1. Taking the Cβ of R55 as the centre, find all other residues whose Cβ is under 10 Å away and add up their charges (Lys, Arg: +1; Asp, Glu: -1).
2. What does the net charge come to around K449 if you take all other residues with beta carbon closer than 14 Å to its beta carbon, with K and R at +1 and D and E at -1?
3. Could you sort S411, S70 by accessible area so the largest value comes first, with the probe set to 1.4 Å?
4. With a 1.4 Å probe and all protein chains kept in place, how do R363, R477 rank by accessible area, largest first?
5. Enter the angle in degrees (range 0 to 90, nearest 10) between the Cα long axis of helix 360-378 and the first principal axis of the Cα atoms of the chain, meaning the one along which they spread out most.
6. Give me the percent of the accessible area of the chain that comes from carbon and sulfur atoms, probe 1.4 Å, all protein chains in place.
7. Quick one: if you stick a label point 7 Å off each Cα along the C-beta vector at E103 and A379, how many nm between them?
8. What order do W41, W364 take when sorted by accessible area (1.4 Å probe), most exposed first?
Amino acid sequence: MPKPKSFLKQAKTKPKKEQKLDTADDFQAAGVDFEEAAGKWRAGDAAKSMRFFQRAIDVYDQGLQKFPQSIDLAYNKARVQLEIATHPVLVDQLQRPLTNALEEALASHRYVLQLDPNNADALFNTSQVLTSIAEVIATEDDDEGMGAEAQALKVLREALDLQNACLGLQEQKYQEFLEQERIASEQGPEMDEEASTMPGSKDDAESGDVEEGSEWFNVIEPVTPDTLIDTILTQLGTLTTLCSIMSSCPGVAPEHTFPWVEQYSSGLMDKLQTFSSTQPDRLQEIALANGNLVSGKLEAGYKSGKIDVETYKRERDAAFALAELQLEGSIEGLISNARSLMAFNSALVESENGDAQSHATLRWNTLTAGIANLKSASAIQGISQDDLATTHLLRGDASLYLCAMAFPPTSHQTAVNSAAQNAKNAEVYYRNASRLTQNEEERDIASMKSAVAQYLQAYSQGQARGDVNDLLNVSPRGQEWAIKQLEDMVAENLVPHALFS
């Protein structure tokens with residue numbers, strides 16, 4: 001997520017209604033006021049929040065027309081544009097295509113970097129825009145082979161370059177901070193006493209003893225090990241997204257990409273080990289990021305024929321068995337492990353090469369383990385409504401995968417014996433997900449999948465095959481949308497091809 005720049009707001013000399021926009025600081029103050037109002041309304045009234053954010057952008061834009069070299073105005077405008085293009089609540093309020101909003105945010109961030117190429121926050125945020133653009137590109141329908149995926153990988157490589165530049169600057173500032181601390185400790189308490197008596201100290205600002213007409217000041221926060229860890233975890237997340245695209249389209253990446261990813265991620269993990277030595281509270285988060293990346297690398301490697309199934313399973317299991325992950329009590333860890341297990345199942349299906357039964361038992365055990373992880377996650381006290389909805393949606397998918405194994409070409413006997421029950425379970429999970437989720441599209445997808453599960457349950461119980469057109473009329477989004485959902489379910493092997501082809 002974007003890193004907002006902090007400001008120290010000192011005394012204002014005029015009420016807001018009399019505020020005049022004469023200086024760059026005036027425009028900045030007005031923009032931040034709109035941002036604060038937007039933040040207050042985001043949870044309760046997303047539309048109103050979006051209007052305030054847009055007003056903030058307009059004010060920053062007006063300020064930049066008058067003060068085009070103002071880094072702070074340019075940075076704030078870009079940051080707000082990134083927020084409205086990536087925050088789920090605000091994305092739903094966009095009145096234009098998401099791609100357009102992201103491209104606008106990217107142009108604004110590039111302008112910030114023109115003004116200040118070594119702005120670590122701007123480098124980081126620009127990489128976040130690029131990552132979001134890559135994710136959108138990768139999900140677009142591509143009628144020209146692997147063009148979209150290749151473009152997405154190119155964008156992600158640029159994002160990684162910017163993140164690496166950001167990390168380099170942060171590491172330099174951290175070393176400078178350590179050197180300053182060393183010098184201060186050598187000089188003893190005299191330096192602290194001298195600093196405390198200097199005019200304009202922090203205590204003066206906090207007491208409100210400031211002159212009228214005072215300006216805004218950037219609060220520069222020191223780089224800490226936590227700062228460095230945050231940036232590296234973001235890099236690992238970008239690498240995981242890159243591996244996901246490589247998995248979805250084997251052959252899209254040049255041959256040298258796999259060893260490059262391995263070398264790149266290994267270097268990042270070495271740095272994490274160093275920076276986390278004094279931050280034990282970050283070890284679980286690091287272990288989870290590592291597990292997700294390892295899972296993504298293994299899936300891409302397996303689908304490209306670079307590793308065998310035994311290696312895939314052994315190394316995947318080991319990544320999620322690390323003690324630091326504390327899997328049994330981690331909602332996020334259990335959900336991530338379940339996703340990884342389901343990805344393993346899908347990879348096995350796609351690589352069967354005509355021998356659908358060769359990995360049937362392994363697939364069955366993998367899916368039931370995924371369901372068990374999701375059940376454990378849903379039972380942890382304090383789970384959020386969104387996470388609970390996710391566990392039900394994924395349990396529905398896993399149950400539908402089990403049901404599909406009852407049909408040719410797999411026809412796994414255990415799945416045949418329990419096909420109707422698995423379909424029924426899937427229907428219940430999807431129905432629960434549709435009630436729990438706060439995302440409208442996810443709600444409609446869950447409802448559509450629930451109807452498909454009901455259809456499969458009836459067929460598994462020996463009833464005649466129903467009319468597929470009845471399924472297409474379930475969704476309020478129309479038949480075209482429903483057809484696309486059904487095609488996706490067939491492509492993902494959630495439902496038997498023969499029944500819906």
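The values are calculated or read from the model by the stated rules, or taken from the named source; none is laboratory data. Source: prediction; values computed, not measured. All Cβ positions, glycine included, derive from the backbone under ideal geometry; neighbour counts span all protein chains shown. Ligands, DNA and RNA are excluded from the accessible area calculation, which covers all protein heavy atoms including side chains. Shrake-Rupley method; radii C 1.70, N 1.55, O 1.52, S 1.80 Å.
1. Net charge in that neighbourhood comes out at -2.
2. -1
3. Largest to smallest exposure gives the sequence S411, S70.
4. Listed by decreasing accessible area, they come as R477, R363.
5. For helix 360-378, the angle is close to 40 degrees.
6. Using a 1.4 Å probe with all protein chains present, the chain comes out at 49 percent carbon and sulfur.
7. Between E103 and A379, the simple spin-label model gives 5.1 nm.
8. Result of the area sort, largest leading: W41, W364.
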